[in-house]
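Read the structure below first, then the notes.
The values are calculated or read from the model by the stated rules, or taken from the named source; none is laboratory data. Every value quoted in this text rests on a predicted model; they were computed, and no experiment measured them. Cβ placement follows ideal geometry from the backbone for every residue including glycine, while neighbour counts extend to all protein chains displayed. Accessible surface areas use protein heavy atoms only, side chains included; no ligands, DNA or RNA. Shrake-Rupley method; radii C 1.70, N 1.55, O 1.52, S 1.80 Å.
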Amino acid sequence: MKVAKFGGTSLANAAQIKKVCSIVRADRERRLIVVSAPGKRYKDDTKVTDLLIAYAERHLLDGAAEAEKQAVFARFREIAAELDLPGEAREQIEAELEEVLSNRKKLSAERFMDAVKAAGEDTCAKVVAHYLRSLGENAHYINPGEAGLLVTDEAGNAHVLPEAYEKLSALRENPGISVFPGFFGFTEAGDLVTFSRGGSDITGSILAAAVKADVYENFTDVDSVYAVNPNLIDHPAEIKEITYREMRELSYSGFSVFHEEALIPAYQANIPVCIKNTNNPSAPGTMIVSEPRYSTKRVSGIACDSGFCSLYVSKYLMNREIGFGRKLLQMLEEEGLSYEHSPSGIDNISVILRERDLTPEKEQRIVERIRRELRVDDVAVTHGLALVMIVGEGMRQSVGTTARAASALAAAKINLEMINQGSSEVSIMFGVKAVEAERAVIALYQEFFGNEEEAASEQALVSPVSSVTA
Ligand code: ASP
């Protein structure tokens, strides 16, 4: 059995939904389908989820928002008409959507926002199920509450509860094609809560783990995951296979093909994930697996994310002071800050934080406390940092990767603010000034992927090491 999730661009209009349904019908193993809300039809279009958020915000503000509401209805009406859904189905879908959008009465602002946000996926799943039925398929819309997708009560940031898996495993026995809306679940008390943005990927992964799918197919609008952001390099190398670990590191530092949190359920249940293209379904896509089935590459991908800052602290004989690190990190904890990394020396330590979390007030309070309570020699915050990562399982076995990366950056005259190699040796991270980040990525890509001979020899490494085939 396969779980297939389709993202927003795959469902943006009737033509795309037809493609989705023909993909589903082409393989009888695709019995559990997860859908996002209709996304952008063209570059400057607005996703249905964003239309819904605009509606909910306005409605919460002054109880009106008729124009915003009609924008949502217009998208679904157009889709239903072009799919030629039966009149009865259209009326039912519209009535149910209307009920959610006008049901402000008993709900808190947070609950209302989540219910409205989720209506994009929910309505889309009903549309797809009706359309499949109109094609003669035995297809059913599944309500996540009835199916048992239980989540924590964190508005806009829910997490699955462990008991959900057992309940959801029953979906395996459903006859025909089950169409499940992504992006939300229900609390034990029965309230609707959404995952974080892009969270339909998470739903798909949870379902794939629950029904023990052979594969979790994640259909999007690119042929594969690329080794680098295609906006920076023309026709970058395609990644045929990547491990969960590599994907996790790349998503952390800016790869947005697959939601960061969505890997966890699939990883824990050891379900391979395949990223595929709705607009080119015969392309093999990118497989995300637990252990590489092929020889590992030195560098699989290069990613970059900005918006970091570094808190630098130095104190003579810091290494002998028991509890120094704990006290420092505790101050951050008390300010509600999550720390990203902390490269350290003998008498100094840097803590890398997300800039959006460190408000000027928090920064001032922390710096004062560090000076006063830890009696340090120096404390400073550097803003405007980007983290550039090179990621590859093969790094462990190959010598000189850091040297090559550092030389490439030096040749491009990029000053390194920090180097951090995690103990897993799957990645090396370089802190650079945000303004230099793109140049850094290009220099690193050219170093590891730019040389044709090397690219060819890396390609040779992609031949199977075992008898497993793609
Ligand atoms: N529609 C939701 C969003 O735009 C969830 C998703 O597409 O995965 O964030």
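Here each label is just a point 7 Å from Cα along the line to Cβ, and for R356 and R369 those points are 2.3 nm apart. Of H341, H235, the order by accessible heavy-atom surface (1.4 Å probe, DNA, RNA and ligands excluded), from most exposed downward, is H235, H341.
Between A95 and Q446, the modelled label-to-label distance comes to 6.5 nm, taking each label 7 Å out from Cα in the direction of the beta carbon. When the solvent-accessible area of the range 183-260 is split by element, carbon and sulfur atoms take up 45 percent of it, the probe being 1.4 Å. By how many degrees, between 0 and 90 and to the nearest 10, does the Cα long axis of helix 48-62 differ from the longest principal axis of the chain? Orientation of helix 48-62: about 90 degrees from the principal axis.
Distance from the C-alpha centroid of the range 387-453 to that of the range 138-211: 39 Å, rounded to the whole angstrom.
For the range 61-212, the Cα-based Rg and Dmax, in that order, read 15.8, 46 Å. On the principal axes of its alpha carbon atoms, the chain extends 75, 56, 41 Å, with the longest extent given first. Of the peptides 414-424, 248-258, the ranking by mean beta-carbon count within 10 Å, highest at the top, reads 248-258, 414-424.
Derived from the Cα gyration tensor, the three semi-axes of the equivalent ellipsoid of the range 33-79 are 21, 11, 11 Å, largest first. Checked against a 19 Å cut-off, the cross-linked pairs K327/K362; K105/K167; K19/K167 give Cα-Cα distances beyond that limit for K105/K167; K19/K167. Taking every DSSP helix (H) stretch of at least 4 residues in the chain, weighting each as -39,500 (n - 2.57) and dividing the sum by the residue count yields a mean residue ellipticity at 222 nm of -12000 deg cm²/dmol. Largest accessible area first, the listed residues E363, E393, E91, E154 line up as E91, E154, E363, E393 when surface is computed with a 1.4 Å probe on the assembled protein chains.
The candidates V151, V435, arranged from most to least accessible area with a 1.4 Å probe in the full protein assembly, appear as V435, V151. Toward the positive end of the charge dipole of the range 157-272, with +1 on the Cβ of Lys and Arg and -1 on the Cβ of Asp and Glu, the farthest Cα among A209, P162, A227 is that of P162. Taking the accessible area of the range 365-450, probe 1.4 Å, and keeping the other protein chains in place, the carbon and sulfur fraction comes to 49%.
Measuring how big the range 181-277 is from its alpha-carbon positions, Rg and Dmax come out at 14.3, 50 Å. Which angle from 0 to 90°, rounded to the nearest 10, does the C-alpha axis of helix 109-134 make with the longest principal axis of the chain? Between helix and principal axis, roughly 60 degrees.
The gain in end-to-end length when the N143 to Q421 segment is fully stretched comes to 95.6 nm, 0.36 nm per residue minus the alpha carbon separation.
Counting only protein heavy atoms and a 1.4 Å probe, the range 184-235 has 35 square angstrom of accessible area per residue. Summed over the residues of the range 369-418 and divided among them, the accessible surface reaches 49 Å² per residue at a probe radius of 1.4 Å.
With respect to the chain, whose longest principal axis is taken over its alpha-carbon atoms, helix 360-374 is tilted by about 40°.
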